[in-house]
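Quick notes on the structure that follows.
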Amino acid sequence: MRRFVIIGHKATTSGSFKLDDLAGSTGRLDILLRCINSAFFLSHDIRRDAEVYLILLGPPNPPKTLKFVGAELKYLNPDERSTGALVRNALMQKVITEERCSPGIYASNRSYSDVLTIISKDSQLVYLKEDGKDIREVELPKDVSFVLGDDQDLTYEEEEMLMNYSPLKISLGPISYHADHCITIVNNELDRRLIR
Ligand SMILES: C[S@@+](CC[C@H](N)C(=O)[O-])C[C@H]1O[C@@H](n2cnc3c(N)ncnc32)[C@H](O)[C@@H]1O
């Protein structure tokens, strides 16, 4: 399993946004939608061995976590607008613990800290950071979870929380990439290892 945890520092936690304004009033939800696309889409298939956690920290009701499970996903299309509609639907659900909003999409009020606790039980955490160790020099286990920022890096507090789990700190190169591009690069690196 490959898992991606993306922190949406300002991403909306309300389902009342307009699909025509995904990059405007949503706290850059568009970045997170592109991350979903990069995590799951192959040319003619969906990656069933992938999961994504979007941690939404914007107003009005943070935190909210949306979990996408590749093995269960249906109705996911490569355009941002239709994924935006799935996210909007998930944010409109009344959530008690964790609710399944559509096949493969779950909403909860879990925090970043809760998510780290859950995923660290059975996977190695990886902090994606420009100054980490080159991914090409690191052995990665089969079950691995990558944590990255959206258009902002992790805050000091978020970084400290992650460090409690002794993550591998891994770089994709010295240049800073968009979050969705980082996910594409990681997927490619992992795919090459599987084929070898
Ligand atoms: C768009 S970047 C965040 C802001 C960016 N660091 C800047 O200076 O503008 C999004 C996230 O992708 C990850 N990232 C970007 N480039 C990376 C790289 N070369 N190696 C590892 N992670 C990277 C980091 O987790 C970063 O927080």
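The values are calculated or read from the model by the stated rules, or taken from the named source; none is laboratory data. Because the structure is a prediction, the values reported are computed rather than measured. Cβ coordinates were reconstructed from backbone atoms using ideal geometry, including for glycine residues, and neighbour counts include every protein chain displayed. Protein only, heavy atoms only, side chains kept; ligands, DNA and RNA dropped before computing areas. Shrake-Rupley method; radii C 1.70, N 1.55, O 1.52, S 1.80 Å.
A few points about this structure:
- Bridgeable lysines around Lys129 (alpha carbons under 25 Å apart, same-chain partners fewer than 8 residues away excluded): Lys10, Lys64, Lys67, Lys121, Lys142, Lys169.
- Size of charge dipole - the stretch 65-186 - debye, nearest 20, with Cβ of Lys, Arg +1 and Asp, Glu -1, no other charges: 580 debye
- Across Arg100, Arg136, Arg34, mean-square fluctuation computed from a Gaussian network of the chain (C-alpha pairs under 10 Å connected) peaks at Arg136.
- Ratio Rg/Rh [Cα only; Rh per Kirkwood] for the chain: 0.94
- Rounded to the nearest 20 debye, dipole of the stretch 53-107 from Cβ charges on Lys, Arg, Asp, Glu: 120 debye
- Environment charge at Lys133 (Cβ cut-off 14 Å; Lys +1, Arg +1, Asp -1, Glu -1): -3
- Heavy-atom SASA rank of Tyr177, Tyr106 (probe 1.4 Å, accessible area, largest first): Tyr177, Tyr106
- Once the mean of 1/r is taken over each pair of separate Cα atoms and inverted, the stretch 83-176 shows a Kirkwood hydrodynamic radius of 15.1 Å.
- Relative contact order computed over the chain (Cα-Cα under 8 Å; 6+ residues apart), in percent: 25 percent
- Gaussian network model of the chain, Cα within-10 Å springs - most flexible of Val138, Val95, Val115: Val138
- Helical content alone sets the calculated 222 nm signal of the chain at -9000 deg cm²/dmol, taking -39,500 (n - 2.57) per DSSP H segment of four or more residues and averaging over every residue.
- Sequence-separation-based contact order of the stretch 23-112, relative, with Cα cut under 8 Å and 6+ spacing, percent: 26 percent
- Estimated dipole of the stretch 1-90 in Debye, rounded to 20 [Cβ of Lys and Arg +1, of Asp and Glu -1, Cα centre]: 220 debye
- Mean shadow area of the stretch 25-118 over all directions, Cα convex hull, nm²: 5.9 nm²
- GluC sites (Glu not before Pro) restricted to the stretch 127-160 and DSSP loop, no more than 10 other C-beta within 10 Å: Glu139
- Considering only Ile118, Ile46, Ile55, the mean-square fluctuation computed in a Gaussian network model of the chain, springs between alpha carbons under 10 angstrom, is largest for Ile118.
- Alpha-carbon centroids, the stretch 136-166 and the stretch 76-119: separation in whole Å: 21 Å
- If you take all other residues with their beta carbon under 11 Å from the beta carbon of Arg100, and give Lys and Arg +1 and Asp and Glu -1, the sum is -2.
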